[in-house]
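**Q** One structure, pasted below without further comment.
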Amino acid sequence: MKLVLDTNKLFSFFWKGSLISNLLSSDHDLYSPKFALEELDKHKSEILKKTKLSSTDFEEFKIKLQNVVEFVPFSEYADKIPEAFNLMPEHAKDTDFLALALKLNAAIVSNDKELKMQSAVEIFDNARISELL
């Protein structure tokens, strides 16, 4: 199954024993917008503080993440941005994830309540993530 991971799910990869770590070793095709990598770097100090990882460990985890998640450039799903925005005009912060899912005909792994309110793309939250393992 094609799955788009939101930024919070990518963050959770750095936590030991997270369900996302199990998902990364599954047979699903995993994607995320390329800007999500920048978000990881932007929040690196917060992730290090919460996980007690070293900076070197963080970089190693990030490389592992990039080996199993395809980070898609904006140009590859930009044509779906208007459709995604129309589905959730009051919640533009998730437009990229929705647009990428629409482009790939994929589901999204997210706990975002607003994403769950649209019906164009299936959402797997923490309560449903075990269905994917």
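**Q** Taking into account only those residues within the range 1-27 that are part of a loop (DSSP other than H, G, I, E, B) and at pLDDT 90 or above, which is nearest to P73 (Cα to Cα)?
**A** Going through the qualifying residues, I end up with D6.
**Q** Within the range 103-128, take every residue that is more than 13 Å from the chain's Cα centre (by Cα) and open to solvent by less than 30 Å² (accessible area, probe 1.4 Å) and give me the one that is farthest from S75 (Cα to Cα).
**A** Q118
**Q** Does any residue of the range 80-102 turn out to be closer than 14 Å to V4 by Cβ, open to solvent by 50 Å² or more (accessible area, probe 1.4 Å) and touching a residue at least 60 places away in the same chain (Cβ under 8 Å)?
**A** Within the range 80-102, not a single residue is closer than 14 Å to V4 by Cβ, open to solvent by 50 Å² or more (accessible area, probe 1.4 Å) and touching a residue at least 60 places away in the same chain (Cβ under 8 Å).
**Q** Assuming E70 fulfils every condition listed in (1) among the acidic types (D, E); (2) crowded, with 18+ Cβ neighbours inside 10 Å; (3) outside any helix (DSSP H, G or I) apart from one, which condition is it?
**A** Only one criterion in (1) among the acidic types (D, E); (2) crowded, with 18+ Cβ neighbours inside 10 Å; (3) outside any helix (DSSP H, G or I) is unmet by E70, namely (2).
**Q** Go through the range 88-121 and report how many residues are of a type outside the set (A, V, I, L, M), at pLDDT 95 or above and part of a loop (DSSP other than H, G, I, E, B).
**A** Residues that pass the stated criteria total 1.
**Q** Scan the range 45-58 and give yes if some residue there is open to solvent by less than 100 Å² (accessible area, probe 1.4 Å), under 30 Å from N105 (Cβ atoms), among the charged types (D, E, K, R) and under 19 Å from the mean Cα position of the chain (by Cα), otherwise no.
**A** No: zero hits.
**Q** Being more than 12 Å from the chain's Cα centre (by Cα) and either modelled with pLDDT of 95 or more or of a type in the set (K, R) (or both) is the filter here; which residues of the range 59-82 pass it?
**A** Listed by number, the residues that qualify are K62, K64, P73, F74, S75, E76, Y77, A78, D79, K80, I81, P82.
**Q** Kindly indicate the residue of the range 28-44 that is open to solvent by 90 Å² or more (accessible area, probe 1.4 Å) and within 15 Å of the chain's Cα centre (by Cα) and also farthest from A99 (Cα to Cα) among those meeting that condition.
**A** Among those that are open to solvent by 90 Å² or more (accessible area, probe 1.4 Å) and within 15 Å of the chain's Cα centre (by Cα), it is E38.
The values are calculated or read from the model by the stated rules, or taken from the named source; none is laboratory data. Here the structure is a predicted model, which means the values were calculated and not measured. All Cβ positions, glycine included, derive from the backbone under ideal geometry; neighbour counts span all protein chains shown. Note: accessible area is taken over every heavy atom of the protein model, side chains too, but ligands, DNA and RNA are not part of it. Shrake-Rupley method; radii C 1.70, N 1.55, O 1.52, S 1.80 Å.
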